[in-house]
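Below: one structure, written as structure tokens.
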Amino acid sequence: MALETWLIYFAASLGLSLSPGPNGLLALTHGAMYGHLRATFTIAGGVLGFMVLIALSMFGIGALLKASATALTVLKWAGGAYLIWLGIQVWRSPVLQLELGAAAQPKSAGAMFWQGLLSAVTNPKGLLFFAAFLPQFIDPARSLWLQFAVMAGTFAATEAITEWLLATMAHRIRPWLARVGRRFNQACGGTFMAIGAALPLRG
């Protein structure tokens, strides 16, 4: 992957990691309830789940590209349309709320890991997103395995750091979300819409 393409992919991955979603909310909640150190099990499960979704998306797309020379162009335009739609949904989404009840009962590390994993892999929007997102960056002439390593590794690192920061600063983030959460959602949504409009036009 060319450096310019990777930088665009990194920026888009960062935008996805920062946008409202179930795994970010789970990391935020577990950070507040159990502390950021125990929340790392939740984060690890979520990151693994996202890597599974990336693998399913990339290698399914790779098989399609071998079957049709025009498939990549179709996927890029369909994916761009989906990203614009997703941006509109994020723009209009409510502010993340972190409501804590009574003192939380401790959870095992394994239970927290599986909760994070299942939160990622059972969200159908995740698979749809990666199926729309990844074709914008795939080069059919290069090794799919190498591209998977770069893309999955970049997203995994971005997501893990973002969720860890959410878990670490959970109590500080709550009042910040109450103040600027709506504008934050609009900024993330606008980013997705811009990506969806611009990426299919790339050569």
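Quick one: would you say Phe59 is in a helix (DSSP H, G or I), within 23 Å of Thr42 (Cα to Cα), at pLDDT 65 or above and among the hydrophobic types (A, V, I, L, M, F, W, C)? In short, no. Quickly run through region 6-41 and pick out the residues that are at pLDDT below 80, farther than 14 Å from Ala109 by Cα and among the hydroxyl-bearing types (Ser, Thr, Tyr). Once the filter is applied, which keeps residues that are at pLDDT below 80, farther than 14 Å from Ala109 by Cα and among the hydroxyl-bearing types (Ser, Thr, Tyr), region 6-41 yields Ser19, Thr29.
Considering (1) under 28 Å from Phe59 (Cβ atoms); (2) in a helix (DSSP H, G or I); (3) modelled with pLDDT of 80 or more; (4) not β-branched (Val, Ile, Thr), the lone condition that Leu166 does not fulfil carries the number (1).
Of all the criteria given as (1) closer than 15 Å to Ala39 by Cβ; (2) assigned to a helix (DSSP H, G or I); (3) at pLDDT below 85, the one not satisfied by Ala104 is (2).
Taken residue by residue, region 79-88 has no member that is at pLDDT 85 or above and under 21 Å from Glu159 (Cα atoms).
The values are calculated or read from the model by the stated rules, or taken from the named source; none is laboratory data. Not measured: the values here are computed from a predicted model. Every residue, glycine among them, receives a Cβ derived from its backbone with ideal geometry; neighbour counts consider all protein chains shown.
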